[in-house]
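K.L.:
This is the structure I want to talk about, given as structure tokens.
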Amino acid sequence: MKQLSIFIENKRGTLLAVLDALKEAGIQIIASTISDTQDFGIYRIICDDPERAFIVLREQSISATLTDVFAIQLEDKPGEAARVLSLFAEADISIAYMYSFLLSGKGILVFRTSDTDRTRQVIKEKSLQEFCS
Amino acid sequence: MIWNPNKECMSRDEMSALQGKRLHKIVEYVYHNVPFYRNKLQEMDIRPDDIQTIEDIKKLPFTTKKDLRDNYPFGLQAAPQSEIIRVHASSGTTGNPTIVGYTRKDIGVWSECMARCLTAYGITRDDTFSVAYGYGLFTGGLGAHYGVEHLGASVIPAGTGNTEKHLKLIRDLGITGIACTPSYALYLAETMDKLGITKDQIKLRAGAFGAEPWTESMRKEIESRLGLKGYNLYGLSEIMGPCVSYECQEQNGSHICEDHFYPEIINPVTLENLPNGQSGELVFTTLTKEGMPLLRYRTRDLCSLMTGQCNCGRTSIRMGRIEGRSDDMLIIRGINVFPSQVESVVLSMPEFAPRYMLVVDRVNNLDTLQVQVELRQEFFTATFDTPAAIDELEKKLAAKLKSVLSISAKVQLKAPGTIERSQGKSAHIIDKRNL
């Protein structure tokens, strides 16, 4: 699925400008997370219309990009994330980054890996259920 | 004390006569040995015999940093390579450093002038003197070093870095004199505080400070914290290195070794000579140099000249404090930095927008340089959606900057469109050092 990645300068008001732009466009954010360093952060968003959100942000001169990530649906119970990740570890696939959220009683695991093709293969072989927004 | 009263206290008439004689000789020398100058003089229809007195200097063409760059590396060298015994290099604006070759006689003149400086600071052969300028391509370290040896004092070639060990030596060896940048002197004071060394435990008496701009208030702070008297030491590698001018006990302007380096002050726009006392761009002609003699070299330093005998007894002309630059050169930790150098690096990386800002500051008495750039929107792609990938890009830029500038700069990425488009050269610089 498509994730929106946004470059955020570490300066007061920058994050708000992004959220305001999305609000104006009526975009619904489903999950988001910030990966930060001292000077800047990467704001990652799962939303209801990533393509349109991307265009809206670009129009506002905000650096954004669409990234292909995987979203796997899990049972909301202990050990589920570990079970899924072990499948990738066995296949020698590394996780670049990961975050999770709950939606309608289901756990959703969002992640990017070192090898997209093989990840897709593992998902198919192990019949993991992908989440679609 | 005066090292060479014959020259430093010469009557004005005698000095002018000597300068005129030497000027004629140097013009004749470059005319026959440097095609660049021969062509220039021929274009202006000037023959060496037209230059007889020092007043005739106004007929001569100027030399600029650009001329040095255009003739890189040895185009302006007058002496054959076999006569060159040392080569120094200073930073250039577009990657090419300025190369300066010295003959054995040049090194002798340099040492002589440096000994004059040290003597004016009250240093004698009984002193132990630490040189804490950088040793290497930079002229500071070796230039001061040879002067101390020529004078006959004991030289401690401390160099920069390893400040704690240096301070231990200053205390344990009873070092009485030091040459370094003024900011390094303050850094020494900080380190002393940290190590619990008080100024009563050290015997420093005189400091020769130069290679970067400094203020009266910095002088007062250095003097009170290190318990010494701080003197200005001026020089530039194109002309020689540290030794061109020096303060005496009066600390009222820096005496120029004008029997070797003839000073003029010009209006940097009209290039007309300005009367003594007026501020303008400082211009030097090397009167005795063999390796790379320069006619009317535009230093870009702004200051004024003072005449009249000094209370110390010297008759030589004095220059006031450097008031600024007629170009946009920055001096950071003693290293010359031009915004155009940063520009050439930024433009070489398509990931960044062609806009940048240099932020210079002084933190704990050490100069810091931050380069702000914008990551282009179109380069912010899926590849760059992790901080690690962007860090990598920052590191790549920082490494390129370091290799061009010779000092490290911190790269800061800004959001697109947040760095102001420059309207003039200085718009690229924020200097917070309050000099």
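The values are calculated or read from the model by the stated rules, or taken from the named source; none is laboratory data. Predicted model only: the values in this text are computed from it and were never measured. Ideal geometry is used to build each Cβ from the backbone, glycine not excepted, and the neighbour counts take in all protein chains shown. When the accessible area is computed, the model is the full protein with side chains, heavy atoms only, and any ligands, DNA or RNA have been set aside. Shrake-Rupley method; radii C 1.70, N 1.55, O 1.52, S 1.80 Å.
K.L.:
Out of segment B:35-62, which residues are open to solvent by 90 Å² or more (accessible area, probe 1.4 Å) and within 28 Å of the chain's Cα centre (by Cα)?
P.N.:
B:E55, B:K58, B:K59
K.L.:
What residue, among those in segment A:1-40 that are touching a Cys at 6+ places or on another chain (Cβ under 8 Å) and assigned to a loop (DSSP other than H, G, I, E, B), is least open to solvent (accessible area, probe 1.4 Å)?
P.N.:
A:I27
K.L.:
Name the residue, out of A:Q60, A:Q73, that is within 14 Å of chain B (Cβ to nearest Cβ), more than 18 Å from B:D385 (Cβ to Cβ) and open to solvent by 30 Å² or more (accessible area, probe 1.4 Å).
P.N.:
Just one listed residue meets the conditions, A:Q60.
K.L.:
As an exercise: evaluate B:L282 against (1) at pLDDT below 95; (2) within 30 Å of B:M357 (Cβ to Cβ) and give the number of the one condition it does not meet.
P.N.:
Failing condition for B:L282: (1).
K.L.:
Report every pair of residues separated by at least 6 positions or lying on different chains whose Cβ atoms are under 7 Å apart, first residue within segment A:92-112 and closer than 13 Å to B:D385 by Cβ and assigned by TED's automatic domain parsing to the domain that holds A:K77, second open to solvent by 60 Å² or more (accessible area, probe 1.4 Å) and outside any strand (DSSP E or B).
P.N.:
A:A96/A:S114
K.L.:
If B:S403 satisfies all but one of (1) surrounded by 14 or more Cβ atoms within 10 Å (Cβ to Cβ); (2) part of a helix (DSSP H, G or I), what's the number of the condition it fails?
P.N.:
Only one criterion in (1) surrounded by 14 or more Cβ atoms within 10 Å (Cβ to Cβ); (2) part of a helix (DSSP H, G or I) is unmet by B:S403, namely (1).
K.L.:
A further question on this structure: When you check A:E51 against the structure, is it more than 26 Å from B:A389 (Cα to Cα) and either touching a residue at least 24 places away in the same chain (Cβ under 8 Å) or away from every other protein chain (no Cβ under 13 Å) (or both), yes or no?
P.N.:
Answer is no for this residue.
K.L.:
Please count how many residues of segment B:360-394 are in contact (Cβ under 8 Å) with a residue 24 or more places away in the chain, open to solvent by less than 40 Å² (accessible area, probe 1.4 Å) and in contact with a helix residue (DSSP H, G or I) (Cβ under 9 Å, 6 or more places away or on another chain).
P.N.:
8
K.L.:
Of everything in segment B:406-424 that's over 27 Å from the mean Cα position of the chain (by Cα), open to solvent by 70 Å² or more (accessible area, probe 1.4 Å) and not acidic (D, E), which residue is farthest from the other protein chains (Cβ to nearest Cβ)?
P.N.:
Ranking the qualifying residues of segment B:406-424, first place goes to B:Q423.
K.L.:
Here's something else I'd like to know. Among the residues of segment B:113-149 satisfying the criterion of being closer than 23 Å to B:F261 by Cα and of a type in the set (S, T, Y), which is farthest from the chain's Cα centre (by Cα)?
P.N.:
Here the residue is B:T119.
K.L.:
For B:R355, indicate whether it is closer than 22 Å to B:S217 by Cα and either open to solvent by 40 Å² or more (accessible area, probe 1.4 Å) or out of contact with any Gly (no Cβ under 6 Å at 6 or more places or on another chain) (or both).
P.N.:
no
K.L.:
Still on this structure, please answer the following. Given (1) within 13 Å of B:V346 (Cβ to Cβ); (2) more than 9 Å from every other protein chain (Cβ to nearest Cβ); (3) open to solvent by 20 Å² or more (accessible area, probe 1.4 Å), where does B:L397 come up short, assuming only one miss?
P.N.:
B:L397 satisfies every listed condition except (3).
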